[in-house]
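To start, the structure under review is shown below, and the notes come after it.
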């Protein structure tokens, strides 16, 4: 069989890394559940037409074909062709429509699954990666305060990962109404295109954005400068006045369009919402959230708050948690379901924890106690000891070979198993669960009874912690 | 957008069913970890050539293509074409080879993931479904007693699901060496083909098997009768003598082949292993395991013990947990990795629990306490109560709208949330976390402090239990 190389863009972890991944996923799910979000798991596939109906990532879809489909089936399949989902929002929107009659709204769900995108892999960008999403979806209406909640819940989920070495996070927020009001105020009526251009600021720079606004939208120099100045604003509630001043100055330079009043109203609504979001987050989680008027988000279905999140000191990694408000998450003609959601890029976070050795794990197996085997005839005795420990919730294993005790201790040591149990005299009647247990880190060895002995709580399961002084 | 219909063969669960699925998966994983199995998660895709190199399910592979691949890329991709894995054994074997230098052997891993097969869906058979696998893989060698362990661990994992309504399970075991020795003893040298034919017994009946053995292998009538008689043997260690007697009678009817001694040795080795497996399982888990000489397993890479599992009273559902020993799970030319593993069909189990209402769940959301909102001005007060509860690990939510209390209680009732919290006077200073909490099932309402109040332990999280008298 050919030599095996990893597949670029499809990360897999070694067992000790997988323990970290499990803890991270559990912790995120726990935070979501504490806040009342119910778990949903959707199938990996969606009809291709549904995947293609939204946003710009659709070009990166993996499509599926059955290898042995007959010609007739292939033709039928072509019509109903399936692809792998590229995010968890499209499947969730479909799930809501499909089950609308059986769900209770507002419906709060979380969803933690892999997604697939056929992009060129690079650091922090994969072809298969885990997302952890929360969304709240309403039937017809959805109160604004939920736009505060999802940002805070995601912030708390990420903050809880500090225990595992994750650096401080900062959620950068903006408001789509504010942006639309602002752009229309300064005469840029094609808001979607303006957003797409401004969203490329980090990639193509101020000159690139200016050129694109000029060439593709015929923007005036004053409007261009206003856009660039807006994108530089960052901070607390004080930015609201700065936005207002900027809009006023720029509007004075533009010819009248007749749209001024509507645009102004939208701008003020956006400023009001952004202010509420900033104030409420500051009250409930000081320092977590900051306004960043450059946040545009590529997808154009957002209609209110938008979020991106950086790891402080690791800004080059890009956003690790993004989302926003959309007035029509799903719609079936008769009913419209507005939503607000946010998505944690779990694989991006994990890959940074591993690449920079920010996290440490105590062992590579669940096992806390390895029960030694004196000789093969005594294996049943050792197995009974292990079963007695397991029955009390202590992960235990039995050495696979009755080698010398030194070799059995090495077996534990190589896996980081902290305790080795030496069974007592196996010639006594079966069920004799008295022996000795050795902490192979300290060398301490004591008499112990498998029906009562307890390891220290910290040793029962592998422990995952921030690496000391990375 | 078109009306949405479920996709046949891709089951999805409603939120309360998903809670059951989560508990089932957690319980299985917990049992595996108590027995020292380390978690591994592999990517969903494998190179097509690897998927096609093993066994008979390979015809049902879903292949992937990037929708927008350029022509050059498409040609390159063709060579390295990817497909979705159809089990967890093929990816694990590849993972072992890829990471052999970084793993410690024998390596015990568990893996719980969806797999995909493009089969025609039917009851209990899906196109996307979850498997929960354990395997132990050795470097060059693997002691027989691990063939006992994996059966017992899987049996314990399934037995632990009785709490959630799963009927009693019975693991049916056979031995590939025994079968090979038996068939060769009675002159059927093409063992793989014989196994494939006998494996179809339930599907095509005794007459069908007899005809196939006669036509495809030229089997004598005595040999055919011996095969059919073997397949009827079922029970405890007493079947070993019955097999031996059957082989002796049948051999007397066959012409000499010169293979008798080798075949006889193989038969005896298989009988010895099957006997050990039966005796050891009976000692450690009485009633769980039974010999069933009709168990053949379609895949022909098994070399020792083979397992299938039925739900007692639901035998028609087919096997819910299967596996066996293979002397070459993986091989890279230089090294060979023998393994033994077993796979629980989680989706098949869940679909039966749901279809027959065997399981019951107390609510559809994680939330234990819904904090009511007196008016929108008091929302911050209610949110502070919820945050105080969450900080002590109590899942809490805040009503999205400050409606009449009756409507807020209905909001809780529709979701099965047991407690509604009425905040105290919100005009007192912020941080006043005293209020009243009502158990909406009994109507009892008491004064409570959000920094100290505890729900009954059974109400903290949704509870999943066997449905009473299904």
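The values are calculated or read from the model by the stated rules, or taken from the named source; none is laboratory data. Predicted model, so just to flag it, every value in this text is computed and none were measured. Every residue, glycine as well, gets a Cβ built from its backbone with ideal geometry; the counts of neighbours run over all protein chains shown.
With the requirement that a residue be touching a helix residue (DSSP H, G or I) at 6+ places or on another chain (Cβ under 8 Å) and over 28 Å from residue B:118 (Cβ atoms), what does the range B:1-29 give you?
B:23, B:27
Just wondering, is there one or more residues in the range B:453-462 that are surrounded by 11 or more Cβ atoms within 10 Å (Cβ to Cβ), at pLDDT 95 or above and assigned to a helix (DSSP H, G or I)?
Just the residues of the range B:453-462 that are surrounded by 11 or more Cβ atoms within 10 Å (Cβ to Cβ), to begin with: B:453-455, B:459-462.
In the following step, the residues that additionally are at pLDDT 95 or above were identified as B:453-455, B:459-462.
Checking the rest, the ones that are also assigned to a helix (DSSP H, G or I) come to B:459-460.
Yes: the range B:453-462 contains one or more residues that are surrounded by 11 or more Cβ atoms within 10 Å (Cβ to Cβ), at pLDDT 95 or above and assigned to a helix (DSSP H, G or I).
Going through B:157, B:179, B:162, B:151 one at a time, which residue ends up being in a helix (DSSP H, G or I), in the same structural domain as residue B:242 (by TED's automatic domain parsing) and either buried (at least 23 other Cβ atoms within 10 Å of the Cβ) or modelled with pLDDT of 95 or more (or both)?
On the way: B:157 fails: in the same structural domain as residue B:242 (by TED's automatic domain parsing); B:162 fails: in the same structural domain as residue B:242 (by TED's automatic domain parsing); B:151 fails: in the same structural domain as residue B:242 (by TED's automatic domain parsing).
Testing whether each residue is in a helix (DSSP H, G or I), in the same structural domain as residue B:242 (by TED's automatic domain parsing) and either buried (at least 23 other Cβ atoms within 10 Å of the Cβ) or modelled with pLDDT of 95 or more (or both) leaves just B:179.
Is the range B:289-297 home to any residue that is within 14 Å of chain A (Cβ to nearest Cβ), under 28 Å from residue B:92 (Cβ atoms) and surrounded by fewer than 22 Cβ atoms within 10 Å (Cβ to Cβ)?
Going through the range B:289-297, the residues within 14 Å of chain A (Cβ to nearest Cβ) turn out to be none.
Checked the range B:289-297: no residue is within 14 Å of chain A (Cβ to nearest Cβ), under 28 Å from residue B:92 (Cβ atoms) and surrounded by fewer than 22 Cβ atoms within 10 Å (Cβ to Cβ).
Could you list all residues from the range A:117-138 that are touching a strand residue (DSSP E or B) at 6+ places or on another chain (Cβ under 7 Å) and in a loop (DSSP other than H, G, I, E, B)?
Pass one, the range A:117-138, residues touching a strand residue (DSSP E or B) at 6+ places or on another chain (Cβ under 7 Å): A:118-119, A:127-138.
Passing the criteria: A:118, A:119, A:127, A:138.
Of these, A:366, A:418, A:423, which one is in contact (Cβ under 8 Å) with a residue 12 or more places away in the chain and closer than 30 Å to residue A:169 by Cβ? Step through it out loud before you land on a result.
Details: A:418 fails: closer than 30 Å to residue A:169 by Cβ; A:423 fails: closer than 30 Å to residue A:169 by Cβ.
The unique qualifying residue is A:366.
When you scan the range A:197-204, do you find a residue that is surrounded by fewer than 18 Cβ atoms within 10 Å (Cβ to Cβ) and touching a strand residue (DSSP E or B) at 6+ places or on another chain (Cβ under 9 Å), even just one?
no
Can you spot a residue in the range B:140-150 that is out of contact with any strand residue (DSSP E or B) (no Cβ under 6 Å at 6 or more places or on another chain) and away from chain A (no Cβ under 14 Å)?
Just the residues of the range B:140-150 that are out of contact with any strand residue (DSSP E or B) (no Cβ under 6 Å at 6 or more places or on another chain), to begin with: B:140-141, B:143-145, B:148-149.
Now restrict to residues that are away from chain A (no Cβ under 14 Å): none.
Scanning the range B:140-150 turns up no residue that is out of contact with any strand residue (DSSP E or B) (no Cβ under 6 Å at 6 or more places or on another chain) and away from chain A (no Cβ under 14 Å).
Checking residue B:442 against (1) assigned to a loop (DSSP other than H, G, I, E, B); (2) within 12 Å of chain A (Cβ to nearest Cβ); (3) closer than 23 Å to residue B:460 by Cβ; (4) out of contact with any strand residue (DSSP E or B) (no Cβ under 7 Å at 6 or more places or on another chain), only one condition comes out false. Which one?
(2)
How many residues are assigned to a helix (DSSP H, G or I), at the interface with chain B (Cβ under 10 Å from one of its Cβ atoms) and over 41 Å from the mean Cα position of the chain (by Cα) if we restrict to the range A:384-413?
Number of matching residues: 1.
Of everything in the range B:370-383 that's more than 9 Å from chain A (Cβ to nearest Cβ) and touching a helix residue (DSSP H, G or I) at 6+ places or on another chain (Cβ under 9 Å), which residue is farthest from residue A:149 (Cα to Cα)?
Pass one, the range B:370-383, residues more than 9 Å from chain A (Cβ to nearest Cβ): B:371-375, B:377-378, B:381-382.
Add one more test, that the residue is touching a helix residue (DSSP H, G or I) at 6+ places or on another chain (Cβ under 9 Å), and what stays is B:371-374.
Working: B:371: 15, B:372: 16, B:373: 15, B:374: 18 Å.
Among those residues, the one meeting the criterion is B:374.
Those residues that are within 14 Å of chain B (Cβ to nearest Cβ) and in a strand (DSSP E or B), I need them from the range A:312-352; list them, please.
A:328, A:329, A:330, A:331, A:336, A:337, A:338, A:339, A:340
Search the range B:419-444 for residues being exposed (fewer than 14 other Cβ atoms within 10 Å of the Cβ) and either within 22 Å of residue A:35 (Cβ to Cβ) or modelled with pLDDT of 95 or more (or both), and hand back the single one that is nearest to the chain's Cα centre (by Cα).
B:441
Can you tell which of A:414, A:390 is in contact with a helix residue (DSSP H, G or I) (Cβ under 6 Å, 6 or more places away or on another chain), surrounded by fewer than 24 Cβ atoms within 10 Å (Cβ to Cβ) and under 20 Å from residue B:110 (Cβ atoms)?
Working: A:414 fails: in contact with a helix residue (DSSP H, G or I) (Cβ under 6 Å, 6 or more places away or on another chain).
Exactly one of A:414, A:390 is in contact with a helix residue (DSSP H, G or I) (Cβ under 6 Å, 6 or more places away or on another chain), surrounded by fewer than 24 Cβ atoms within 10 Å (Cβ to Cβ) and under 20 Å from residue B:110 (Cβ atoms), namely A:390.
Looking for whichever is within 14 Å of chain B (Cβ to nearest Cβ) and not in a strand (DSSP E or B) here; the options are A:273, A:280. Which one fits?
A:280
For the range B:12-26, enumerate the residues that are more than 8 Å from chain A (Cβ to nearest Cβ) and under 21 Å from residue B:87 (Cα atoms).
To start, the set of residues in the range B:12-26 that are more than 8 Å from chain A (Cβ to nearest Cβ) comprises B:16-17, B:20, B:23-26.
Passing the criteria: B:24, B:25, B:26.
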